[in-house]
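So that we are looking at the same thing, I have put the structure below in structure tokens.
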Amino acid sequence: MTCRELTAFIADYLSGDLPPDSKIEFERHLDVCPNCVTYLDGYQDTVRLGRHACDDDDAPVPDTVPEALIEAVLSARSKPSQA
Amino acid sequence: MQSDTHDRPTGTLDETTLVAALKAGDDAAFETLVRTSSHRLLAVARRFARTEEDAQDIVQTAYMNAFRALEKFEGQSQLSTWLHRIVVNTALMKLRSQRTKPEESIETLLPTFKTDGHHAERFRDWSVPADALVQQAETRATVRACIAQLPEAYRSVLLLRDIEERSTRDVADALGLTPAAVKTRLHRARQALSTLLRRRYAADGVTAQDGVTSAGGAASNS
């Protein structure tokens, strides 16, 4: 397995979807290729950081919503759309 | 988890009372709902939208969709969670309608390889203690800024799979893609995000790989 092939298989490897034979080849490559180990570590860190990027209270919630938007929503509701 | 962010009460009224008032067509209840929930919905819409105008358009359409569907709201989830889902679905509809635009290239953010299949770059550990940094607002802001730099077709898949935690099938249906295409885009989006984060956290974290190590050479034959 080459670095290119390993890189293509990373998502399946992490989700447990890699066939057993490919998984063995994948891990065999990691045993001898520190560059791919570093790349894989970075990929895993990326997934972890990405998953938590928006699960906080400091997410960019606007303090105020434009009044025009609120008025537009409320006025659109009051229009006779029931017809 | 996402639920932490949108399980907040929608207003000072208790939710059952608010929902009953909404279903009864109470104007004040609608205003309460919009004034107490719109800031969070706008924040979600901005993650998906390319422009502020699009984000506000998504929010407005989402409220209209929600108002029409209120009769079907049975209280099995929080009202805020229900609205969150509607705004995401509305954003997806808008993304699908805009898909005629040419896709931006992501190639410059993907790893490159030599003809023999080796990485063309040597990677260095970012030295990011991810678990610790996840707790830091600054880190989360940096990650969000990097996500915002991804081409739209990839950003939307990453947002839906890794942040909204939608299934591959769900995302495929929503975006009009095959499940295989969703998986490919997610992988590429993560790779591109990884490149952006590496550049951010290890400014010199990637070096040209002239004479990369013998370990890599051995691996190619394994």
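The values are calculated or read from the model by the stated rules, or taken from the named source; none is laboratory data. Predicted model, so just to flag it, every value in this text is computed and none were measured. Here Cβ is always computed from backbone atoms with ideal geometry, including for glycine, and neighbour counts include all displayed protein chains. For the accessible areas, the whole protein counts, side chains as well, though only heavy atoms, and no ligand, DNA or RNA atoms are used. Shrake-Rupley method; radii C 1.70, N 1.55, O 1.52, S 1.80 Å.
So if the hydrodynamic radius of the stretch B:7-97 is defined as the Kirkwood radius over C-alpha pairs, what does Stokes-Einstein give as its diffusion coefficient at 4 °C and 1.567 mPa s, in µm² per second?
Once the numbers are plugged in, D ends up at 98 µm²/s.
Hey, another quick one. If you take the C-alpha gyration tensor of the stretch A:1-56, multiply each eigenvalue by 5 and take the square root, what semi-axes do you get, largest first, in whole Å?
23, 13, 8
While we're here: Computed on protein heavy atoms with a 1.4 Å probe, what is the summed buried accessible area for the chain pair A and B, in Å² to the nearest 100?
The summed interface area works out to 5100 Å².
Compute the length gained on full extension between residue B:149 and residue B:24: take 0.36 nm times their separation in residues and subtract their Cα-Cα distance, giving the result in nm to one decimal.
40.6 nm
Moving on to the next point. Ranked from the most accessible area to the least, with a 1.4 Å probe and all protein chains present, what is the order of A:5, A:27?
Sorted by accessible area, descending: A:5, A:27.
Turning to a different aspect of this structure: As an exercise, use a Förster radius of 25 Å and the Cβ-Cβ distance of residue B:53 and residue B:105 to find the FRET efficiency, rounded to the nearest 0.05.
Step by step, r from the Cβ atoms, then E = 0.50.
So, one more: Can you compute 3J(HN,Hα) from phi for each residue in the stretch B:182-194, using the Karplus curve 6.51 cos²θ - 1.76 cosθ + 1.60 with θ = phi - 60°, rounded to whole Hz and x for Gly and Pro?
Per residue, the Karplus-derived 3J(HN,Hα) values read 5, 4, 5, 5, 4, 4, 5, 4, 5, 4, 5, 5, 4 Hz.
For labels at residue B:173 and residue A:5 in the simple 7 Å Cα→Cβ model, what's the distance in nm?
3.7 nm
Between residue B:15 and residue B:31, what length comes free when the chain is fully extended (0.36 nm per residue of separation minus the Cα-Cα distance, one decimal in nm)?
That pair, residue B:15 and residue B:31, stretches by 4.3 nm at full extension.
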